[in-house]
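Visitor: Okay, handing you the structure first.
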Amino acid sequence: MLNQRNKHQDYRIDAPNDTISTMTDAPLYKDKKKLLRDHARTVRASLSTTEIEEKSRRICRRLLEVIDGTDPLMIYASKPLEVNTKALIAHLIAQGKTVVVPIIEEDTKTLRLSYLKDPDVLQESTFHVPEPVGCELPALASDIKAVIIPMLAFDKKGNRLGYGAGYYDRFLSSHPHLTRIGIAFSCQEVEEIPADTTDAGMDIIVTDTGILCCR
């Protein structure tokens, strides 16, 4: 499915009325991003637990269509308020797919990778992100075909706004062969995200309302 992206061109995200607008009057590039992050966090936090779970299920159903046949696959283990990937990870493992999860190296601000054989070994770790603590099985990025990435905000051009530390930007720039699939709730869409050459854009974005092919 990843090799047939044109089939998704009929899908477009229907932006809700409360879609975040870009703060174009912010004086500096970093200030614009900070304002967008603050606003995106507020919008996301307004979702109820029920809404998060329902929207997450919709996103994961669409993701299965997009990633069909992709193996190995790197996918983030979600923390509270993010698109919940727990059930998706369990499903993929049960289907015999090879799942890889990122592990945060806070000192070097990089990601290392681990195969995940059992989702039950995931424990809350750095920045509250679930990681296979004590059960790490080293994996190589060169063996992976695609990566599913969390987004705090996004725009229709495929620009992604993360939490600001740049872990995924650095990882993706070092491994350009990976198909980049960003996932978020549709209410996290913005009109435009300021981006430079250090910001890694998404190839595909999946939300609860659609699939967007960006590149």
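Just so it is clear, none of the values below were taken in a lab; they were calculated from the coordinates. Predicted model only: the values in this text are computed from it and were never measured. Positions of Cβ are backbone-derived with ideal geometry, glycine not excepted, and every protein chain shown enters the neighbour counts.
Visitor: For Ile211, what residues show an amide H to amide H distance below 5 Å, using hydrogens built from the backbone and excluding near sequence neighbours?
Guide: Long-range HN contacts for Ile211: Arg12.
Visitor: Moving to a separate point now. Given R₀ = 22 Å, FRET efficiency for Thr126-Ile93 by Cβ-Cβ distance, to 0.05?
Guide: Working from the Cβ atoms, E equals 0.45.
Visitor: Antiparallel as a % of all DSSP beta bridges within the chain, to the nearest 5?
Guide: 50 percent
Visitor: So how compact is region 84-199: Cα radius of gyration and Dmax in angstrom?
Guide: Reported Rg and Dmax, both Å: 14.6, 42.
Visitor: Any chance you could check the Cα centroid distance between region 134-148 and region 163-212 for me, in angstrom?
Guide: If you average the Cα positions of each part, the centres end up 19 Å apart.
Visitor: Can you work out ³J(HN,Hα) from phi for every residue in region 43-54, in order, using Karplus 6.51 cos²θ - 1.76 cosθ + 1.60 and θ = phi - 60°, giving whole Hz and x for Gly and Pro?
Guide: 5, 5, 5, 6, 6, 6, 4, 5, 5, 4, 5, 5
Visitor: For region 149-215, what's the relative contact order in percent, using C-alpha pairs closer than 8 Å and at least 6 residues apart?
Guide: 40 percent
Visitor: Region 13-213: percent of C-alpha pairs farther apart than 31 Å?
Guide: 13 percent
Visitor: Calculate one ³J(HN,Hα) per residue across region 125-134 by plugging θ = phi - 60° into the Karplus curve 6.51 cos²θ - 1.76 cosθ + 1.60, and present them in order as whole Hz with x for glycine and proline.
Guide: Residue by residue, region 125-134 yields 9, 4, 6, 6, 7, x, 9, x, 4, x Hz.
Visitor: Please tell me which of these pairs span more than 29 angstrom C-alpha to C-alpha: Lys32/Lys97; Lys32/Lys156; Lys30/Lys117; Lys32/Lys145; Lys30/Lys97?
Guide: Over 29 Å Cα-Cα: Lys32/Lys97; Lys30/Lys117; Lys32/Lys145; Lys30/Lys97.
Visitor: Amide H of Thr179: which non-local residues (sequence gap of 5 or more, or other chain) have their own amide H closer than 5 Å, using H built in the peptide plane?
Guide: Ala146, Val147
Visitor: What are the ³J(HN,Hα) values, in whole Hz, obtained from phi via the Karplus relation 6.51 cos²θ - 1.76 cosθ + 1.60 with θ = phi - 60°, for each residue of region 70-84 in sequence order, with x given for Gly and Pro?
Guide: Coupling constants for region 70-84: 7, 7, x, 9, 9, 9, 6, 8, 6, 10, x, 6, 7, 4, 6 Hz.
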